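Have a look at the structure below, then the notes.
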Amino acid sequence: MTRLSVNINKVALIRNARGSNYPDLIQVAKDCERFGAEGITVHPRPDERHVTYKDIPLLKDIVTTEFNIEGNPNEKFLKMVLDNKPDQCTLVPDAPDALTSDAGWNTIKNEKFLKKTIKRLQNEGIRVSIFIDPIPEMIHGAQKVGTDRIEFYTGPFAHDFHQNKENSIQPYIDNAILAHELGLGINAGHDLNLENLTYFKKSIPNLLEVSIGHALITDALYFGLHNTIQMYLQQLK
Ligand code: PXP
């Protein structure tokens, strides 16, 4: 079974545009779960343009499925994660001013830092996933640093999908097999949408979770949140 975790950053972005509490992020998170989402993901960035640090404890209180917090593990971020104890923390090496995440960890260069950080989180009962490109050396490095799961950065897959489906998926298939053999759980995210999700899901064995934000919230403008979540769930069956 592949869990659908809805990334609600874009909902917070709309709320923040007017400085009021509309749309109400907490209500949207509750509704996503009511409509079938199997997890809620947030990615508080340093400038807090989407989900803010203040939102986190409020979300922690109401999420009943799986709460996943993503981000670059600086001290401020780590303190917030340790204070709020989500089910899962996804570590992402994004620059403070990044428009969006655009690369996975170099697990060899960052071995010492990742090992120490992952242990700190796991000691508090938080499952850890690290954002990663489908490169064998990085997958071996991921096992070495002790992460529970990896999250494949699927941006390049989504980008190349329309030109050549088979080529775009192959590195993910090869590295998913490797990761599974090494005992790593497999998540995926970035630029997944209603056009490419079924193909990704069907091609990747043992895919535990996808986190989807931008396309899902955009689709909800046309189809409504309830219908949209059901459409994504259908693709994961
Ligand atoms: N995974 C990570 C690490 C991300 O940074 C993002 C975007 O915030 C996503 C998944 C979801 O990507 P998208 O918004 O394109 O669905």
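Read-outs throughout are calculated quantities, based only on the coordinates presented, and are distinct from any laboratory measurement. Predicted model, so just to flag it, every value in this text is computed and none were measured.
Worth a mention:
- For the chain, calculated [θ]222 nm from helices alone, where every DSSP H run of n ≥ 4 adds -39500 (n - 2.57): -13500 deg cm²/dmol
- Look at the Cα gyration tensor of segment 46-180: its axes a ≥ b ≥ c give a/c of at least 1.5 with a/b over b/c, and that counts as prolate.
- Cα-based shape type of segment 1-52, given that a ≥ b ≥ c are square roots of the gyration tensor eigenvalues and the cut on a/c is 1.5: oblate
- Over the chain, relative contact order from alpha-carbon pairs under 8 Å, at least 6 apart, %: 21
- Centre separation in Å (Cα based) which lies between segment 37-100 and segment 117-163: 16
- Amide H partners (placed H, <5 Å) of ASN7, local residues excluded: THR41, ILE212, GLY213
- Length-normalised contact order for segment 3-67 - Cα pairs under 8 Å, 6+ apart - percent: 40
- Using θ = phi - 60° in the Karplus curve 6.51 cos²θ - 1.76 cosθ + 1.60, the 3J(HN,Hα) couplings for segment 86-103 round to x, 5, 9, 10, 9, 8, 10, x, 8, 5, x, 9, 5, 5, 7, 5, 9, 6 Hz; x is entered for Gly and Pro.
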